Amino acid sequence: MQFSTRKAEYIIGLSQAIAKGRLDLEGMRFKEDDEIRAELVAYRGIGTWTAENFLLFGLGRPNLFPIADIGLQNALKIQWAMDLKPKVEEILPHLPGWSPYLSYVSLYLWRSIEQ
């Protein structure tokens, strides 16, 4: 699959945690987003972006906006007619107005920049 050695180590470690029952992906559907995010980022190779995308796509959470996602930043740059991608501080004030539908906003923004 042409992973780097480091990425392969991350995937193997995560797979072992799942296989040994230390990481219960199915059981996560009953936990709060912050709890899941904290549990996932404790594993090497899993960051906030990965955890949030698991919440969004893996668990179908309706109110997630992966703010560090470059695609979302680029879509907002276009939508807001900006010269540069917006900074997190420029995006944050908009999130309460889009809540509780942040996941839908994310999906529409991603879709807006598809080729």
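The values are calculated or read from the model by the stated rules, or taken from the named source; none is laboratory data. Predicted model, so just to flag it, every value in this text is computed and none were measured. Note: ideal-geometry Cβ built from the backbone for every residue, glycine included; neighbour counts use all protein chains shown.
Tell me yes or no: at least one residue of the range 89-103 is of a type outside the set (Lys, Arg), in contact with a Phe, Trp or Tyr (Cβ under 8 Å, 6 or more places away or on another chain), under 30 Å from residue 12 (Cα atoms) and not assigned by TED's automatic domain parsing to the domain that holds residue 15. Yes; the residues of the range 89-103 include at least one that is of a type outside the set (Lys, Arg), in contact with a Phe, Trp or Tyr (Cβ under 8 Å, 6 or more places away or on another chain), under 30 Å from residue 12 (Cα atoms) and not assigned by TED's automatic domain parsing to the domain that holds residue 15.
Give the range 81-104 a look and list any residue that's surrounded by 12 or more Cβ atoms within 10 Å (Cβ to Cβ), part of a loop (DSSP other than H, G, I, E, B) and either without any contact (Cβ under 8 Å) to a residue 24 or more places away in the chain or touching a Cys at 6+ places or on another chain (Cβ under 7 Å) (or both), or say none.
Step one: filter the range 81-104 for residues surrounded by 12 or more Cβ atoms within 10 Å (Cβ to Cβ), giving 82, 85-86, 90-92, 94-95, 98-99, 101-104.
So of that shortlist, the ones also part of a loop (DSSP other than H, G, I, E, B) come out as 82, 85-86, 99, 101.
Once the filter is applied, which keeps residues that are surrounded by 12 or more Cβ atoms within 10 Å (Cβ to Cβ), part of a loop (DSSP other than H, G, I, E, B) and either without any contact (Cβ under 8 Å) to a residue 24 or more places away in the chain or touching a Cys at 6+ places or on another chain (Cβ under 7 Å) (or both), the range 81-104 yields 82, 85, 86.
Scan the range 16-44 for residues that are surrounded by fewer than 12 Cβ atoms within 10 Å (Cβ to Cβ), in contact (Cβ under 8 Å) with a residue 12 or more places away in the chain and farther than 23 Å from residue 6 by Cα and report the count. Number satisfying all stated conditions: 0. Touching a Ser or Thr at 6+ places or on another chain (Cβ under 6 Å) and either at pLDDT 95 or above or not assigned by TED's automatic domain parsing to the domain that holds residue 22 (or both), is that true of residue 64? Taking the combined requirement at face value, the residue satisfies it.
Confirm whether residue 6 is assigned to a helix (DSSP H, G or I) and in contact with a Leu (Cβ under 9 Å, 6 or more places away or on another chain). Reasoning before the result, please.
Working: assigned to a helix (DSSP H, G or I): yes; in contact with a Leu (Cβ under 9 Å, 6 or more places away or on another chain): no.
So residue 6 fails the test.
Filtering the range 48-80 to residues that are part of a loop (DSSP other than H, G, I, E, B) and exposed (fewer than 14 other Cβ atoms within 10 Å of the Cβ) leaves 60, 62, 68, 80.
Could you go through the range 105-113 and let me know if any residue there is part of a loop (DSSP other than H, G, I, E, B) and either at positive phi or surrounded by 12 or more Cβ atoms within 10 Å (Cβ to Cβ) (or both). Break it down into steps so the answer makes sense when it comes.
Narrowing the range 105-113 to residues part of a loop (DSSP other than H, G, I, E, B): 113.
Now narrow it down to the ones that are either at positive phi or surrounded by 12 or more Cβ atoms within 10 Å (Cβ to Cβ) (or both): 113.
Yes, the conditions are met somewhere in the range 105-113.
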